[in-house]
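Here is the structure we will look at, set down as structure tokens.
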Amino acid sequence: MAQKLAFRVNGRSVSLDLDPERTLLGVLRGPLALTGTKYGCGEGICGACTVLLDGRAVRSCVMPVAEVAGKEVVTIEGFSSEGRLHPLQQAFAERGALQCGYCTSGMILTSEALLRATAHPSRQEIRQALEHNLCRCGAHQRILDAVADASGAGAQS
Amino acid sequence: MNALTKVSRRQFIGIASGGIAVLIGSGALCAVGQERRFAYPTDVNAYLLIGDDGRVTVLTGKIEMGQGVMTSLAQMAAEELDVDLAAINMVMGDTDRCPWDMGTFGSLTTRMFGPALRAAAAEARAILVNLAAVRLGVPKARLTVRSAVVSVTSEPARRVTYAELARGKRLRKVVDARAVLRSAAQFRIMGHSPQRLDGREKVTGEARYAADIRLPGMLYARILRPPAHGSTLLRLDTSAAEAMPGVIVIRKDGLVAVLHEDERAADLARSKVSAGWSRVPQQPDTESIFGHLVSGTKTLHQVAARGALSAGRSRAARIFQMEYRKGYVAHAPIEPHAALAQVTDAGATVWASTQTPFPTRDRIAKTLGLQPQHVRVITPFLGGGFGGKSADGQALEAARLAAICGRPVQVAWDRSEEFFYDRFDPAAVVKLVSGLDSGGRIVLWDYSVYGTGERGAIHLYDVPNLAIRTGIAPSYGDAAQSASLHPFEVGPWRAPGANMNVFAIESQMDLMAAAAGVDPVTFRLRHLKDARMRQVLQTAVASFGWRPAVGPSGRGIGVACSTDAGSYVASVGEVSVERSSGRVSVSRVVCAEDLGLVVNPDGARMQIEGATTMGIGYTLTEEVKFRGGEILDRSFASYHIPRFSVAPKVEAVLVSHQNLPAQGGGEPPITTVGAMVANAVFDATGARLPRLPMTAERVTEALAKASART
């Protein structure tokens with residue numbers, strides 16, 4: 001039942017023999033050893049598993065890997081280059097926009113998709129974009145601040 | 001097992017009272033760890049290692065679950081040692097390398113472990129200064145220490161670094177006298193807010209959690225679960241799973257698991273296991289639980305009493321009789337429980353998401369029939385704990401399976417398992433009768449709490465005739481009693497018991513203030529003598545910009561205060577209530593907290609913001625529904641934790657007393673949220689909500705009742 005699937009992850013081409021129904025999350029965390037993407041619910045509700053697929057934020061825990069064939073996946077590991085943090089990463093660290101850190105990569109990836117579509121979102125737009133990413137520690141207001149910082153707009157409520 | 005545990009506990013107490021072994025050594029850390037496993041017991045208490053590269057390793061049995069102690073403990077060590085924060089490495093929750101610790105809970109890290117760590121660091125500094133005095137040939141009094149450099153005060157060029165002093169040395173010293181700690185005025189690192197030390201690895205995805213650990217040859221386990229608590233297995237057929245290539249099926253002492261080195265194959269194998277289960281006997285459900293908690297409570301323990309209730313009743317001009325209720329609440333960390341275990345002839349190593357590495361080590365040892373020193377628990381970062389990771393079922397499962405298979409085994413619960421095995425914050429009932437005299441002073445307080453413990457039940461209000469009783473005493477200490485009351489296991493949840501008790505107390509205060517025709521802040525202050533509590537309440541209302549008004553004022557502003565974990569908290573919040581739907585939105589909260597000495601102000605503010613936001617969940621939406629032992633909410637689709645649209649704007653105000661001991665930070669600010677919102681809803685609408693959570697349906701019902709009365 002395995003078939004050869006080729007796609008790109010963080011700028012690198014990969015080609016693997018995979019069960020096409022396997023989730024993208026399982027492939028990232030398993031054969032590709034990219035554990036920065038997290039399992040939180042397995043139902044696409046909490047957003048901890050969010051990655052970019054051709055620039056769009058998707059829930060990797062409910063995405064069959066077959067749908068990724070020929071496409072470009074970006075995970076949190078593809079964000080910083082040569083030790084330099086991406087502006088969103090920088091802003092999250094500076095604002096203390098995380099506590100346990102488990103939802104953080106999903107928050108950052110979802111925010112990146114937002115900023116690619118809307119360079120200077122309002123605070124309400126940021127809130128809406130992140131509405132379906134769950135954070136149990138209650139870092140919400142700092143996350144909004146961090147995304148606003150990274151967008152360079154200094155968006156206010 | 002018991003002998004070793006007892007020894008460790010006694011040693012720990014010894015540390016807390018000032019007897020500290022400081023190990024200053026060179027060489028690799030792992031070598032020291034090896035030595036310590038077999039060495040004499042004083043080594044167990046080594047908190048610090050000063051490497052010959054000048055780096056300082058701080059060893060602590062505490063764990064980092066988001067609360068920020070990796071940073072604040074490093075600040076304490078750096079401050080007392082007088083090294084830069086950047087020179088500190090934190091090693092946390094590794095039972096082979098760290099000093100024994102009971103676990104990370106109860107907001108105890110800063111107030112209890114903190115002083116011990118500071119004393120160890122201060123003593124290490126004293127030892128280094130002594131070494132420097134010998135090396136430089138001048139008396140200690142003529143030396144100055146700054147950032148890991150000891151120099152002669154009058155000739156700064158004559159200097160020696162900690163790294164040079166540590167090189168080639170291996171000193172061990174047991175401290176007899178209480179170390180002299182720095183005063184707040186001398187702080188360079190404590191009292192400041194550096195960036196979180198775990199921030200960078202958490203934003204890059206490099207931070208490791210238990211499910212991220214990989215070992216060669218590891219197996220992924222999927223475990224057969226009952227449909228309900230109390231179900232027993234009647235029929236089992238694993239033949240289809242066994243027929244799959246590479247699948248290992250384990251069935252031993254009630255544990256049925258399928259394992260495979262490919263996670264997806266393990267999932268498929270589990271789906272092929274067929275099982276039949278017994279029906280669960282009649283048990284209480286989401287609604288009938290409250291009657292069950294009251295009738296099932298055999299004894300009430302009196303935890304506080306003053307005056308005579310009969311005298312209070314006869315002096316009372318008005319009596320207020322209320323019953324408050326709260327359902328079960330899940331911890332629901334975003335990281336479900338996970339563990340990876342490896343068992344060899346030499347012993348067991350288990351990476352686990354646990355708040356209690358040492359007790360978990362002891363339980364694993366007992367389960368596997370090993371000596372505790374042959375079990376090592378390593379705790380990576382936790383993706384949230386909130387009390388829920390004090391239980392360690394997943395670590396025991398992984399250890400058992402690894403021992404049986406002879407290969408490393410990962411057990412990572414899925415979300416449904418996480419909800420099913422969550423040891424919920426218990427449902428509870430408070431029966432409260434209070435009375436006001438003709439002058440509007442409280443003269444009677446007759447309080448009984450069922451289903452949860454006494455934490456938060458004893459308040460600071462000045463009431464002459466009072467009795468406070470609890471059905472479970474002390475909080476969660478009586479597991480058997482708890483087990484007979486609740487249809488499934490319950491456990492500590494951020495400020496256990498206090499959320500219920502403060503909800504009841506502060507709702508009642510509000511209700512009486514309105515009846516007395518006095519604004520809720522003045523009413524509280526009239527009954528408060530405690531200076532710190534008064535200061536915190538006054539700070540909160542001043543920061544909010546609150547103006548006195550008798551409730552219900554129509555403004556939708558609520559106040560609540562409490563003491564918890566040694567700290568004082570007051571919250572003032574503003575809500576709006578959508579009358580058509582019953583939906584309550586909390587727009588803004590000011591929370592003031594006096595936690596004594598503040599080690600990291602921004603870290604403390606983070607805890608206030610986080611606790612307040614998390615508290616909105618138990619207040620408005622979170623209640624685990626159940627029936628016949630079945631947990632009906634096993635997904636975030638039906639169990640609603642606060643989202644961005646719900647999270648209020650939180651303004652944290654620290655009332656710091658840098659000359660007083662540090663108190664708890666993580667739990668206190670969540671205790672006031674329920675009552676603050678209930679009081680704000682009353683202020684907006686005149687409707688009193690005596691049950692948590694205040695779902696839209698319940699608010700609509702209460703609004704209808706309130707309008708029927710008027």
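Whole-percent P(r), chain A, all Cα pairs, 5 Å bins from 0: 2, 10, 19, 22, 19, 13, 8, 4, 2, 0, 0. Projecting label points 7 angstrom from Cα along Cα→Cβ for B:V145 and B:L215 puts them 4.0 nm apart.
Interface residues of region A:92-109, defined as those with an accessible-area decrease of at least 40 Å² between the chain by itself and the complete set of protein chains (probe 1.4 Å), are A:A93, A:L98, A:Q99, A:C100, A:Y102.
How big a patch of accessible area, both sides summed and in Å² to the nearest 100, lies buried between B and A at a 1.4 Å probe? Intermediate values should be presented prior to the final figure.
Numbers: alone 27810 and 8120 Å², together 31640 Å².
Adding both sides of the contact gives about 4300 Å².
Measuring only protein heavy atoms, the 1.4 Å probe finds B:K625 accessible over about 90 Å².
Quick check on the protein assembly as shown: take the gyration tensor over C-alpha atoms, sort the square-rooted eigenvalues as a ≥ b ≥ c, and tell me if it's rounded (a/c under 1.5), prolate or oblate. Here the protein assembly as shown falls in the rounded category.
Rank these by accessible area, largest first, 1.4 Å probe: B:V677, B:V577. It would help to have the intermediate numbers written out before the result.
Details: B:V677 0, B:V577 30 Å².
So the residues, ranked largest to smallest area, are B:V577, B:V677.
Taking all protein chains together and a 1.4 Å probe, the residues B:V598, B:V550 rank B:V550, B:V598 from largest to smallest accessible area.
Surface exposure of region B:559-710, expressed per residue as accessible area with a 1.4 Å probe, stands at 30 Å².
Please work out the average accessible area per residue across region A:87-151, using the 1.4 Å probe convention, and give it in Å². It would help to have the intermediate numbers written out before the result.
Details: 1880 Å² over 65 residues.
I get 29 Å² per residue for region A:87-151.
Compare each residue of region B:201-218 in its chain alone against the assembly with all protein chains, and report those whose accessible area goes down by 40 Å² or more; 1.4 Å probe, heavy atoms. Checking the loss per residue gives B:K202, B:V203, B:T204, B:G205, B:Y209, B:D212, B:R214. In region B:337-412, Rg over Rh equals 0.94, where Rg is the alpha-carbon radius of gyration and Rh the Kirkwood radius from pairwise Cα distances.
Given region B:92-162, what whole percent of its Cα pairs are spread farther than 18 Å?
Working: 1295 of 2485 pairs.
Pairs farther apart than 18 Å: 52 percent.
Would you list A:H120, B:H527 from the most to the least accessible area, probe 1.4 Å? Kindly include the intermediate steps, with their values, before the conclusion.
Values: A:H120 120, B:H527 0 Å².
These residues rank, largest area first, as A:H120, B:H527.
Mean per-residue shielding of peptide B:324-336 is 3, counting Cβ atoms of other chains within 10 Å of each Cβ. Projecting each Cα onto the charge dipole of region A:87-151 (Lys/Arg +1, Asp/Glu -1 at the beta carbon, about the Cα centre), which of A:A97, A:A113, A:A146 comes out farthest on the positive side? Going by the charge dipole, the pick is A:A97.
Using a probe of 1.4 angstrom and keeping all protein chains present, the accessible surface of region A:3-78 works out to 36 square angstrom per residue. Taking a ≥ b ≥ c as the square roots of the eigenvalues of the Cα gyration tensor, an a/c ratio of 1.5 or more together with a/b no larger than b/c marks chain B as oblate. Derived from the Cα gyration tensor, the three semi-axes of the equivalent ellipsoid of region A:3-78 are 17, 13, 11 Å, largest first.
Taking the Kirkwood radius as Rh and the Cα radius of gyration as Rg, region B:216-284 has a ratio of Rg/Rh equal to 1.05. Within the same chain, lysines fewer than 8 places from B:K389 are excluded, and of the rest, those with a Cα less than 28 Å from its Cα are A:K38, B:K6, B:K62, B:K202, B:K252, B:K326, B:K366, B:K625. Our summary of shape: the Cα atoms of region B:517-710 have principal axis extents of 50, 42, 29 Å, ordered from largest down, in whole angstrom. With kT/(6 pi eta Rh) evaluated at 37 °C and eta = 0.692 mPa s, and Rh the Kirkwood radius from Cα pairs, region B:128-273 diffuses with a coefficient of 148 µm²/s according to Stokes-Einstein.
The values are calculated or read from the model by the stated rules, or taken from the named source; none is laboratory data. As the structure is a computational prediction, the values presented were derived from the model and not from experiment. Heads up, the Cβs are rebuilt from the backbone with ideal geometry, glycines too, and the neighbour counts pull from every protein chain shown. Surface accessibility is based on the protein's heavy atoms, side chains included, excluding ligands, DNA and RNA. Shrake-Rupley method; radii C 1.70, N 1.55, O 1.52, S 1.80 Å.
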